[in-house]
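The values are calculated or read from the model by the stated rules, or taken from the named source; none is laboratory data. Note that the structure is a prediction, hence the values are computed from the model and not measured. All Cβ positions, glycine included, derive from the backbone under ideal geometry; neighbour counts span all protein chains shown.
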Amino acid sequence: MSGRSKGLNGWLLSSPALILLLLAASGPLLIVAVYSVLEKGDYSGVRWILSGDGWFNVLFQRDIFDQTVSLADANLSIFWRSVKLSIATTLITFAFGLPTAWFIATRPPKSRALWLFLITIPFWTNLLIRTFAIMEVIRNQGILNTFLTWTGLISEPIQILYTDTAVLIGMVYVYLPLMVLPLYAAIDRFDFRLIEAGYDLYASRWQVLRGVILPIIRPGIVAGSILVFIPSLGAYVTPRVLGGGKNMMIGNFIELQFGQGQNWPLGAALSTVLLLVVLISLVVYTRVTSKDDPRG
Amino acid sequence: MADKKRAFDVTTLPGFTAIAITAFVLLYAPIITLVFYSFNGGNSVNQWGGFSLQWYVVAWNNEAVQDATARSLIIAVWAAVISTALATMAALGTTRRGKFKGQTVIYIIINQPLMVPEIVTAVALLIFFSSVKIATGYSGLGYLILAHSAFCIPFAYLPIKARLEGMDTAMETAAADLYATPWQTFRYVTLPLLLPGVIAGAMLAFIISLDNVIITEFVKSAGQDTLPTYMLGQLRRALTPEVNAISTALLALTVLILTVFFIVTKKRD
């Protein structure tokens, strides 16, 4: 088969999938970008007049009476919460994820499949169900508070639910498998003789971890971090259920603009910002991992 | 000193096993609690009132739950069928042919739903479909099926592509040598060999569609709740035992499908 017809067949066979994706996934993203520069409609929707208000309102607000411009503190605190919680989620899932992935990868082949299966079940379990499950644990009459009260550590239940801590716990819980799986894939290919070599050269365990293991599994670390960071930043269900409506993240803030807020251009601008952040992370990711690949 | 260190298993790092076991316990404890309380005979989620299936009966007899379940299943079956068919074609087009121009573009478009935050896609579809709904007057399940089929494509594509990459082209060459038409080669050689990958892909697509909350929430018209959006809508200060029961049933279905998935994909080894 000639190169040209190979390509033609490839495109022809892929075209139905591509058309559906462009129609119901990628294409509408462009509409979002367009809506972000239109004027807000009276109730919902937009008027087809160019306007910078959507983007302006991302960071600033204009006083309705005297037209003075000020920073929109409420928005900034939502952005800050989203970034802060997403970074914290990434770090905590890494702290748990690395040992977990290491543990699975160092099991004998037979039981390894079982451990892997055990990490895959939560991964494929409905996110909503997992969020409900963690809600059951941390609410005031939940297992955690009941247990702590029983041990005498606390005298009355700690309010965890509907706080930032609850959202953080929830995100760590639901996104942990996303960190473990790429780390496992990286560790699985790891040549354990390198560790032996390290010890032979009088490296301490800490030095082996820092100097040998972490640099080699770096693509897995980057992949896991991106896989956790991106959905955390765009999280909607977890902050809605565990944050109780007050502790909004960007995802909920976007939803608000299309619901009660009735400000579609602002919602569209916020969505575009989120999309850009994701794109930048992905570019950084490909840069970092392609540098790491010894085959070039 | 060095000898002493070498006596250890080199794959063991201090504290790692303890943290890993803790992680597994923390992952499963909440799910097990949820399942446990779905069999609660009491009326409150706080107090254990003995083993009972009453909440399953309540959920089963709830008309809203029945409707949402039926809707979820209809959408998931359609989405699985459509996305798997399209993903199979795309996988055949992009695998085992060597590199061709624009291949990376195809990969990016196919995997795009995995990368873009769901809330952004949800908003985009809300804007797009709301104008289509006004223009055409149609507001049926078609929009949900279309949206679900699209974001299920990468999930169906991955196992099919993996299966294809592990397949030798010799069989197809042999068939062609024996004067099989391209269609016959595909129907009687490629497809049967590819089937485990196709089944695996369809199952993942089915689960992904069944579990979807955010895109469904934004695309659905009034009265088109699926099971997950129904459950989200039921959420008040605490979970109702009924939602616990529905969650457990969905969980059981997921575990069942995953088990079959692992058996199907294991067979190729």
Do we find that B:T121 is among the polar types (S, T, N, Q), outside any loop (DSSP other than H, G, I, E, B) and more than 7 Å from chain A (Cβ to nearest Cβ) in this structure? no
Please determine, by comparing only the residues of segment A:255-277 that are assigned to a helix (DSSP H, G or I) and of a type in the set (S, T, N, Q), which one is surrounded by the fewest Cβ atoms within 10 Å (Cβ to Cβ). A:T272
Inspect segment B:145-166 for any residue being more than 11 Å from chain A (Cβ to nearest Cβ), farther than 24 Å from A:V32 by Cβ and not in a helix (DSSP H, G or I) and give the result as yes or no. yes
Answer with yes or no whether A:L128 is part of a loop (DSSP other than H, G, I, E, B) and buried (at least 17 other Cβ atoms within 10 Å of the Cβ). no
State yes or no: is B:A124 under 16 Å from the mean Cα position of the chain (by Cα), among the aliphatic types (A, V, I, L, M) and closer than 30 Å to A:L227 by Cα? no
List the residue pairs whose Cβ atoms are under 7 Å apart, where the first residue sits in segment A:113-130 and is facing chain B (nearest Cβ under 7 Å), the second is of a type in the set (K, R) and in a helix (DSSP H, G or I), and the two are 6 or more positions apart or on different chains. A:P122/A:R130
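Matching residues to (1) β-branched (V, I, T); (2) part of a loop (DSSP other than H, G, I, E, B); (3) facing chain A (nearest Cβ under 9 Å):
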residue	(1), (2), (3)
B:V10	yes, yes, yes
B:I21	yes, no, yes
B:I32	yes, no, yes
B:G42	no, yes, no
B:Q66	no, no, no
B:S72	no, no, no
B:A79	no, no, no
B:I82	yes, no, yes
B:A91	no, no, yes
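Test A:N252 against the stated conditions and say whether it is closer than 16 Å to A:T163 by Cα and not in a helix (DSSP H, G or I).
So A:N252 does not fit the description; no.
Each row is one residue, and each column tells you yes or no for (1) without any contact (Cβ under 8 Å) to a residue 24 or more places away in the chain; (2) more than 10 Å from chain A (Cβ to nearest Cβ).
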site	(1), (2)
B:A202	no, yes
B:F206	no, yes
B:I214	no, no
B:A222	yes, yes
B:P228	no, no
B:L239	no, no
Is there a residue being in a loop (DSSP other than H, G, I, E, B) and more than 20 Å from A:V237 (Cα to Cα) anywhere in segment B:224-245? no
Top-ranked residue in segment A:28-55 [being at pLDDT 90 or above and in contact with a Gly (Cβ under 8 Å, 6 or more places away or on another chain); ranked as farthest from the other protein chains (Cβ to nearest Cβ)]: A:V37
Failed criterion for B:E118 (all others in (1) crowded, with 24+ Cβ neighbours inside 10 Å; (2) within 14 Å of B:S209 (Cβ to Cβ); (3) modelled with pLDDT under 95 hold): (1)
Given A:I213, A:I280, A:I230, which one is assigned to a helix (DSSP H, G or I), without any contact (Cβ under 8 Å) to a residue 40 or more places away in the chain and in contact with a Leu (Cβ under 9 Å, 6 or more places away or on another chain)? A:I213
Screening B:V57, B:V65 for residues that are more than 30 Å from A:A17 (Cβ to Cβ), buried (at least 19 other Cβ atoms within 10 Å of the Cβ) and of a type in the set (A, V, I, L, M, F, W, C) leaves only B:V65
When restricted to B:A176, B:A200, the only residue surrounded by fewer than 18 Cβ atoms within 10 Å (Cβ to Cβ), not in a loop (DSSP other than H, G, I, E, B) and not acidic (D, E) is B:A176
Given the options A:R205, A:R218, name the one that is at the interface with another protein chain (Cβ under 8 Å from one of its Cβ atoms) and out of contact with any Phe, Trp or Tyr (no Cβ under 7 Å at 6 or more places or on another chain). A:R205
Starting from residues that are facing chain B (nearest Cβ under 8 Å) and of a type outside the set (K, R), keep the ones in segment A:131-146 and report whichever is surrounded by the fewest Cβ atoms within 10 Å (Cβ to Cβ). A:Q141
